[in-house]
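These notes concern the structure reproduced below.
The values are calculated or read from the model by the stated rules, or taken from the named source; none is laboratory data. Every value quoted in this text rests on a predicted model; they were computed, and no experiment measured them. Reconstructed Cβ throughout: ideal geometry from the backbone, glycine too, with neighbour counts over all protein chains shown. Accessible surface is based on the protein model in full, side chains and every heavy atom, while ligands, DNA and RNA are left aside. Shrake-Rupley method; radii C 1.70, N 1.55, O 1.52, S 1.80 Å.
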Amino acid sequence: MTTSCGTENVLSEVSNKETDEAYYIDAKKNLDNMEWDSTASIITTKMSANYQARRDVKMMLASAYAGKCGLIFIDLIQGMTNNTATEMFKYFMGIWGGKTVDPDSCELAIGVLQGIGTAAQRTTNENLFLALLGVARMGTNLSAKLDAVDKNGAIDGVATVCHQDGSGSLTKWGSPYDMKFPAPPPGKTAYMSSTDIKRVASGLGLILENIASLTDALGGGTTIGAIGDLSESCDDALSAVSGASTTCATMTTPAAVSDEMVYAMRFMMDSTEFGFGTCSITNSITFISNIGSFDPVTDSVPADLCCPSTAIPGAP
């Protein structure tokens, strides 16, 4: 007591609430309380640039954005465990049934982690986090656009995966193909734009890029096997549309997703094997591979073609 009289408090350095260390403690407390916005605000507006560059601070910021997106680890594991869908797009969307989602916040979280470096430069935990964010990127975007009416984890009756806009006018076939390919179905007011599809596709890319970390965490199992099947079909579909051998695993950002990939994702999402429809992805890939020889006057369109009212990129 006597030594502190008339002199500076010896604990002032420790009790200073305006240091990076103090801000870190506040941010951690808010993160534990699921106060996502305040956590992100402390990190991005109060911490110094050098402190924000710390690996653990980046993980905290990404966690805050991920939480706001709707990704809470325990809920995600429960959703993956309780989800009975065998079609992978139904599976990814069903995880978020009944939950509030904010896909834009997932993009912020992904950006923070990708800013650390490549998969080889990131840690196993960072890569696992990105794989889970890939699941969230796919599921939250599907949920926000296809399950907005009742949020029950299933596609709404007014939703379509095949078209860029509600009327289908931006993706319909032109002459002379429109003689054989059907017009977009009426009454579809909920749809996924190319931007939405690119997010879903790059979500899959993130999962595939970091599949080793996800496999280690889940210990293999049916989910990993199903993701492998989806990856193989995705490569086949993309190669059929683009006319060149290529892979979906390299498309880990929306900007990297090509128009051909957008189309391939649409008809995979419409398939009975992986998506919400009743068409055959196997027969569709065969048909698309030979579209160059299709005569719109004499040839017929397969009855089980996926997204038949959606034009292939480069077609009239």
* Structure fact -> Quick count over the range 29-62, residues being touching a residue at least 60 places away in the same chain (Cβ under 8 Å), under 21 Å from Thr123 (Cα atoms) and open to solvent by 40 Å² or more (accessible area, probe 1.4 Å), is 2
* Are there any pairs, at least 6 apart or on different chains, whose C-beta atoms fall under 8 Å, with the first in the range 97-116 and farther than 12 Å from Gly134 by Cβ and open to solvent by less than 60 Å² (accessible area, probe 1.4 Å) and the second aliphatic (A, V, I, L, M) and not in a loop (DSSP other than H, G, I, E, B), and if so, which? -> Val101/Ala144; Pro103/Ala144; Ser105/Ala66; Val112/Leu61; Val112/Ala62
* Asked: In this structure, is Lys99 over 28 Å from Ile312 (Cα atoms), part of a helix (DSSP H, G or I) and of a type in the set (Lys, Arg)?
  -> no
* Structure fact -> The condition of being free of Cβ contacts under 8 Å to residues at least 60 places away in the same chain and under 30 Å from Ala119 (Cα atoms) holds, among Ile224, Ile211, only for Ile224
* Which one of the conditions (1) closer than 22 Å to Asp304 by Cβ; (2) surrounded by fewer than 24 Cβ atoms within 10 Å (Cβ to Cβ); (3) modelled with pLDDT of 95 or more does Val161 fail to meet, given that it meets all the rest? -> (2)
* **Per-region count, the range 288-316, residues surrounded by fewer than 18 Cβ atoms within 10 Å (Cβ to Cβ), over 14 Å from Pro182 (Cβ atoms) and under 31 Å from the mean Cα position of the chain (by Cα)** => 7
* Structure fact -> Restricting the range 13-23 to residues that are open to solvent by less than 60 Å² (accessible area, probe 1.4 Å), assigned to a helix (DSSP H, G or I) and not charged (D, E, K, R), the one nearest to Lys58 (Cα to Cα) turns out to be Tyr23
* Flag for Asp304 being over 20 Å from Phe92 (Cβ atoms), assigned to a loop (DSSP other than H, G, I, E, B) and either polar (S, T, N, Q) or touching a strand residue (DSSP E or B) at 6+ places or on another chain (Cβ under 9 Å) (or both) -> yes
* Residue list for the range 261-286, restricted to those being more than 27 Å from Val158 (Cβ to Cβ) and either crowded, with 18+ Cβ neighbours inside 10 Å or within 23 Å of the chain's Cα centre (by Cα) (or both) -> Ile285
* Structure fact -> Filter the range 236-253 for residues that are open to solvent by 40 Å² or more (accessible area, probe 1.4 Å) and either free of Cβ contacts under 8 Å to residues at least 12 places away in the same chain or assigned to a helix (DSSP H, G or I) (or both); the one that is nearest to Arg122 (Cα to Cα) is Thr250
